[in-house]
Amino acid sequence: MMGLISELYQNADKGYASNVVIADEIIYQMVEKLKSAGYPVTVTAVYSNMENYKELEDFLNASIAGSSGSAVVYEIHSDGGIWRYKYSYDGKDMYVLFARATWSDDDKSVITYISYTRIKEWRFTDKGWFCYELCVPEYPEVTEIVDGSCMVRVKPITEENRKNGTVTLTVDAVCSMILCDDAVITHELTVQFAEDGSFQYLGNKILDDEISNIPEYQYRFTNR
């Protein structure tokens, strides 16, 4: 898979810092390479959509129905590396085989990490989130909490409605710490776009009295 994007990586401006960050434009060209080859692929950017998501969606729906199977998803990171997730379901339990591939100093692809973990619990929500909790070490095996919660956006994020030159989006505040709470708070955000691509904020409304779910602000500084 790294071979599909190797030329893009080699020709990219990687700067001189030890932690390479590839320009967004190049990252999305890498996405197009995998997309064109038919692979489910996403990036780490907020609100990004998964390309070729149907393979993962079909796998999850089949798993819900009790059918065994597997699906692979690729995630391209800002350093040009690719994280590979292979989800498999045997009719009872789900597992994830994870592999991380990065680039060496001489632009060769290398595998830096591999793990195979059973998923403790999972669900696929109506809003398109695949949420799961990995089996991780727990007390007293470890003294600090290990968070095994993960959330993957499967279905594309879509606009709810357009009117009079304005766009109203229904936005869900998601929380991976609670198994797949894909709507801790739901609110409507309304903006108006100008011809130059800029936009003006018009309003924001929290729905269904969910304002009560917002915790009180915790002050970081106090008067002495």
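Tell me the net charge near V146. Cut-off is 13 Å between Cβ atoms, V146 excluded, with +1 for each Lys or Arg and -1 for each Asp or Glu.
Spelling it out: positives minus negatives among the neighbours equals -4.
Could you tell me which residue out of N19, Y87, I114 lies farthest along the dipole of segment 2-155 toward its positive end? Charges go on the beta carbon: Lys and Arg +1, Asp and Glu -1, centred on the Cα centre.
Sorting the options by dipole projection puts first Y87.
What nm value, rounded to one decimal, do you get for the distance between D106 and R118 when each label is placed 7 Å out toward the C-beta?
4.3 nm
Just add up the charged neighbours of S115: K/R +1, D/E -1, any other residue whose Cβ is under 14 Å from the Cβ of S115.
+4
Around E55, what is the net charge, scoring Lys/Arg as +1 and Asp/Glu as -1 over all other residues with Cβ under 15 Å from its Cβ?
+2
In the structure shown, do any of K92/K205; K33/K205; K35/K120; K54/K120; K86/K108; K86/K127 have a Cα-Cα gap over 32 Å, and if so which?
K92/K205; K33/K205
Every read-out reported here was derived from the displayed coordinates using simple, explicitly stated rules and does not represent laboratory data. Remember, it's a predicted structure, so these values are computed and weren't measured experimentally. Here Cβ is always computed from backbone atoms with ideal geometry, including for glycine, and neighbour counts include all displayed protein chains.
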